[in-house]
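The values are calculated or read from the model by the stated rules, or taken from the named source; none is laboratory data. What you see is a predicted model, and the numbers here were worked out from it, not measured in a lab. Quick reminder, even Gly has a Cβ in these numbers, built from the backbone with ideal geometry, and neighbours come from all protein chains shown.
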Amino acid sequence: MRIGKQVTLAVFFAIVGIALTACDNGTGSDTGSGTNIGEKIIGTWIDQYRRTWVFNADGNFTRSTPDEDFKGISKFGVADAKLCLAGDTPDSYYITYDIYISPNGKTLILSGGEAGCFTLTKQ
């Protein structure tokens, strides 16, 4: 069982690595889920619950809450307008979201994940 989990995680992190390299195949459009979407999400965003989401160019992702002294650090990758977040330990979670970025690049919508839909505003 443990070997199966390690193999699954190895495959997952390989996919995340490829996604970080490729960023996005894109659709050739500058709006919506278009070209370079992986680059467009880099930066600091605030969601509807006032949580801060930070996507760094090195593939690190941090989310913090305004009411608690909590910071979750993990890795992220983007491929084909899908965002994949993975925890920073081999036993941690991973989750994927569909990505949509508004034409002006100031609104990011993440949908389809276990936690529901998030609407984020670029800071």
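Identify, from the list Gly72, Gly17, the residue that is at pLDDT below 90, part of a strand (DSSP E or B) and under 14 Å from the mean Cα position of the chain (by Cα).
On inspection, the qualifying residue turns out to be Gly72.
Please work out which residue is modelled with the lowest pLDDT, limiting yourself to segment 80-93 and to residues that are under 14 Å from Leu110 (Cα atoms) and assigned to a strand (DSSP E or B).
If we take residues in segment 80-93 being under 14 Å from Leu110 (Cα atoms) and assigned to a strand (DSSP E or B), then Leu85 is modelled with the lowest pLDDT.
Looking only at segment 26-41, count how many residues are modelled with pLDDT of 90 or more and surrounded by fewer than 16 Cβ atoms within 10 Å (Cβ to Cβ).
Number satisfying all stated conditions: 0.
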